[in-house]
Each structure stands twice: as C-alpha cells, then as structure tokens.
Amino acid sequence: MIDFHCHLDLYPDPLAAAHGAQQSRAYILSVTTTPKAFRRTKALAKGSERIRTALGLHPEVAHERYRELALFEAFLPEAGYVGEVGLDGSPHVREHATIQKKVFSSILSLSAKQGGRIFSIHSRRAADDVLDSLAREPNAGIPVLHWFSGSKTQLKRAVDQGCWFSVGAPMARSASGRGILAALPKDRVLTETDGPFGRDGDRSLEPGEVSAAYKALSQLWAMPTGEVERLIRANLNRLARSLEETRRAPA
Ligand code: MN
C-alpha cells in the first residue's frame, strides 16, 4: 500500500495515527503544513522504514507563516521530500494570492539550489498558477500534484510539464474526478489518503487506507486491482530512485 499524502500530525491523536501507520505496513509520505511542525512530525516516524516526512508550508497558512521560510531553509538539507506546498485560489484565501506565490516560488528556488526535491503540491483553484511557478523553476525537482482538481486542459498541461499525481478514493466520487483519474498517465500515479481530511462517509481515512483508491483505479483503468497495486509500487520505486540520483548529482 502506498499513501503518498497523509497528515499524521493532524489526526486527533498523532501518536496513535503514527502507530496505525506502522501497523499498516504502508509506505507513507507524512506531509506537514508548517516548518515548525517538521521536527516533531519527523519524530512520529522514528523507527519506521516506510514513513518519510516531508517539509511543508501550506498555501492556506502562507500569509500567517511566511516568516517560517527561514526555518524551511534550515531544515531543507535533511528533507528529501517537500510538502504540503503550493497555491490555493479558493475565496477564503484568494486575497493572499501574492504572498502565497512568493512563498511557493521561494520554496521552489531553495529546492533547486539544494539539488532538487520531490514535492507534494496543493493546487486547488490555482492549477495554472502552480504550473506557471513550476515552469519558472525547472530544476526544483519532481512535482507530484496531490488531489488534482483542475480542468482537462490544465491536466494536459501538467502532464506535458512532467508532473506526477497522487490520487485518492474521494476523487472517484465526482464525475470530474473520475474523468481526471481515467486520463492520468499510469506511469506517474501514486495513491494517497490525505487523512484525516480524506474521508469515507463520516469518518477520516486511516493512514495507509488506500484500498478503495486501488479499487477505483482498477475500475477506471480496466485493470485487475493487483496489477494497479504493482504498478503504483513500481512508480514509487522509480520516483524514490530518481530522488537519490538528483541528490547524488553534483550541484
Ligand atoms: Mn493535504
């Protein structure tokens, strides 16, 4: 099982969530929303070979947390993965678009300077702006767009720019989401829960609980579930290898 976007530190009981994550034996990318949260979230993964902790600064808090960019820069050498970062064009944060873009661009440029990273990126109602920012920093690393909800045109642009995608079962609940899932390049797809925000009815998905995502992809791709699972696993291996290669390469 691969859960490439999960907020272990935002479950009501983070220690229990981390324990559950370890028990699930899933490979988990544990994302953070502020640089301040990075060290203690990383501590949750201690002793687990299958959990990686990403250094993030979420666009919905960028206007309150931009001063933590210094901390972001300080922690970046110890983080192979960066997320959750990106842009959000929803009405409640739209007025902070300028500061969001500054923060995201700084993160991409710092990552480029340090040899590139793998990103888990939020792009709600801001897909074109995210893709513009990525195009300006081609050496930032590999972008994985999480829970992508843009248009078909934006999806094509993202694919052309080399983006990967992490997708969850909640996406399969809408016709537009199913359209995106069906159109994704299969060799650049990972699964995610986005727990505790990703839900199944009235409860949060557990860390690593991606079987419904495999099932949805199996239906939409007309492929046995086991084959979907093998494909996603092979994708993660390839992505992780490319991270090792980028970080080994001389600057
Ligand atoms: Mn998230």
- request: Take Ala45 and decide whether it is of a type outside the set (Ser, Thr, Tyr), over 16 Å from the mean Cα position of the chain (by Cα) and within 22 Å of Ala240 (Cα to Cα).
  value: yes
task: Being open to solvent by 10 Å² or more (accessible area, probe 1.4 Å), within 16 Å of the ligand (Cβ to nearest atom) and touching a Leu at 6+ places or on another chain (Cβ under 6 Å) is the filter here, so list the residues in region 127-147 that pass it.
output: Pro143
Lone unmet requirement of (1) away from the ligand (no atom under 16 Å from the Cβ); (2) crowded, with 24+ Cβ neighbours inside 10 Å; (3) touching a residue at least 40 places away in the same chain (Cβ under 8 Å) for Lys186: (2)
message: I'd like to verify a number: residues in region 22-50 that are under 17 Å from Arg233 (Cβ atoms) and open to solvent by less than 10 Å² (accessible area, probe 1.4 Å), how many?
response: 3
Those residues of region 158-183 which are outside any strand (DSSP E or B) and within 16 Å of the ligand (Cβ to nearest atom), in sequence order: Gly168, Ala169, Pro170, Met171, Gly177
Hits in region 146-162 - residues which are under 16 Å from Ala126 (Cβ atoms) and either among the polar types (S, T, N, Q) or without any contact (Cβ under 8 Å) to a residue 40 or more places away in the chain (or both): Phe148, Ser149, Gly150, Ser151, Thr153, Gln154, Leu155, Arg157, Ala158, Gln161
- request: Report yes if some residue within region 52-73 is in a strand (DSSP E or B), within 16 Å of the ligand (Cβ to nearest atom) and buried (at least 22 other Cβ atoms within 10 Å of the Cβ); otherwise report no.
  value: yes
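The values are calculated or read from the model by the stated rules, or taken from the named source; none is laboratory data. What you see is a predicted model, and the numbers here were worked out from it, not measured in a lab. Note: ideal-geometry Cβ built from the backbone for every residue, glycine included; neighbour counts use all protein chains shown. Side chains included, ligands, DNA and RNA excluded: accessible areas come from the protein's heavy atoms. Shrake-Rupley method; radii C 1.70, N 1.55, O 1.52, S 1.80 Å.
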